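Structure, as structure tokens:
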Amino acid sequence: MATYAIGDVQGCFSELQQLLNTIAFDPTQDHLWFAGDLVNRGPDSLAVLRFVRQLGHRAITVLGNHDLHLLALYYTDTPAKRNDTVQDVLNAPDAAELMDWLRHQPLVHVDPTRRWCMSHAGIPPHWSIRKTQRLAHEVETALQGNDHTAFFQSMYGNQPNQWHKRLTGQDRYRVIVNYLTRMRFINAKQELDLVSKEGLDQAPAGYYPWFDDKGSQQRKMRLLFGHWAALEGHVSHDGIFALDTGCVWGGHLSALRLDDQQWFRVPATRSHLLLSPKGSSL
């Protein structure tokens with residue numbers, strides 16, 4: 001029995017199946033953790049959603065920004081973006097069931113026994129794991145409640161770009177979502193830069209990767225995150241693992257076996273996007 005954490009699939013169903021063949025995944029014994037962004041930009045988001053959902057308790061997925069975008073498209077009149085490839089999901093006969101399942105997935109998954117924590121973009125360094133779980137639960141309650149449409153209508157935006165406990169309502173939800181699903185660069189005030197999407201050598205002046213913060217409160221927990229394809233799986237800290245290796249960009253789809261931290265990778269069949277992850281619109 002093994003547990004594997006898998007980076008951003010983004011509709012790359014063929015590569016996901018190749019990766020599961022590579023690790024000899026046994027759905028009766030093994031478990032899969034998905035770091036979010038199951039959907040969008042790749043060719044077969046519908047197959048990915050159906051597959052992960054049917055795995056039941058054998059699969060855990062946290063929500064990524066593309067997953068939330070899909071939910072907003074379904075539940076509101078949010079316009080699709082030029083590179084969106086989720087129309088097959090929106091038109092599917094089982095769309096309602098899939099979307100209800102997706103919006104009931106968490107933003108953060110914590111395994112305290114094995115000391116693993118996973119979220120899509122990472123964990124803000126000034127938040128403890130307990131605080132992260134508490135704030136994530138606030139958003140999850142809004143997502144799963146009867147007024148989830150209002151949440152999706154107000155979800156988008158880069159402001160506020162800094163957490164404060166006095167924030168309320170949709171501003172509070174938005175900044176929590178942005179930290180957990182869109183974060184890359186921060187500064188000493190813990191302000192988010194949500195424009196820059198390049199690699200480590202392209203940090204805006206005064207900003208640095210969130211995992212380089214010296215005041216991190218999560219040192220006793222090993223962290224898993226996706227979202228940042230330009231990292232190509234390379235992070236300089238022990239105990240922090242970047243899972244997104246840019247499959248949808250023509251890179252690889254990767255899995256980390258949590259039991260011994262061994263990597264498994266399969267190459268993308270082809271690039272589904274014209275840009276590279278450095279300088280992309282992800």
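The values are calculated or read from the model by the stated rules, or taken from the named source; none is laboratory data. This structure is a prediction, so every number in the text was calculated from the model and none was measured. FYI the Cβ positions are ideal-geometry reconstructions off the backbone, even for glycines, and counts take in every protein chain you see.
A few remarks follow.
- Filter result (among the aliphatic types (A, V, I, L, M) and closer than 17 Å to LYS165 by Cβ) within segment 130-155: LEU135, ALA136, VAL139
- Whichever residue in segment 155-184 is touching a strand residue (DSSP E or B) at 6+ places or on another chain (Cβ under 7 Å) and either under 17 Å from ALA72 (Cβ atoms) or among the small types (Gly, Ala, Ser) (or both) and, among such residues, is surrounded by the most Cβ atoms within 10 Å (Cβ to Cβ): LEU180
- Test for GLN87: is it surrounded by fewer than 18 Cβ atoms within 10 Å (Cβ to Cβ) and either more than 28 Å from ASP238 (Cα to Cα) or in contact with a Leu (Cβ under 7 Å, 6 or more places away or on another chain) (or both): yes
- Any hit, segment 81-102, residues being in contact (Cβ under 8 Å) with a residue 12 or more places away in the chain and within 22 Å of ALA5 (Cβ to Cβ): yes
- The set of residues from segment 171-219 being assigned to a helix (DSSP H, G or I) and aromatic (Phe, Trp, Tyr) comprises TYR173, TYR179, TRP210, PHE211.
- Scope segment 220-264; condition part of a loop (DSSP other than H, G, I, E, B), more than 13 Å from the chain's Cα centre (by Cα) and more than 25 Å from HIS126 (Cβ to Cβ); matching residues: GLU232, GLY233, GLY250, GLY251, LEU258, ASP259, ASP260, GLN261
- Of the helices (runs of 4 or more DSSP H) lying entirely inside segment 57-103, not one is found with 3 or more residues being under 13 Å from GLY11 (Cβ atoms), aliphatic (A, V, I, L, M) and modelled with pLDDT of 95 or more.
- Where ALA188 falls short, out of the listed (1) over 23 Å from TRP101 (Cβ atoms); (2) out of contact with any Phe, Trp or Tyr (no Cβ under 7 Å at 6 or more places or on another chain); (3) among the hydrophobic types (A, V, I, L, M, F, W, C); (4) buried (at least 19 other Cβ atoms within 10 Å of the Cβ): (4)
- Cβ pairs under 9 Å, 6+ apart, first in segment 49-69 and among the hydroxyl-bearing types (Ser, Thr, Tyr), second in a helix (DSSP H, G or I) and surrounded by 19 or more Cβ atoms within 10 Å (Cβ to Cβ): THR61/VAL52; THR61/ASP67; THR61/LEU102
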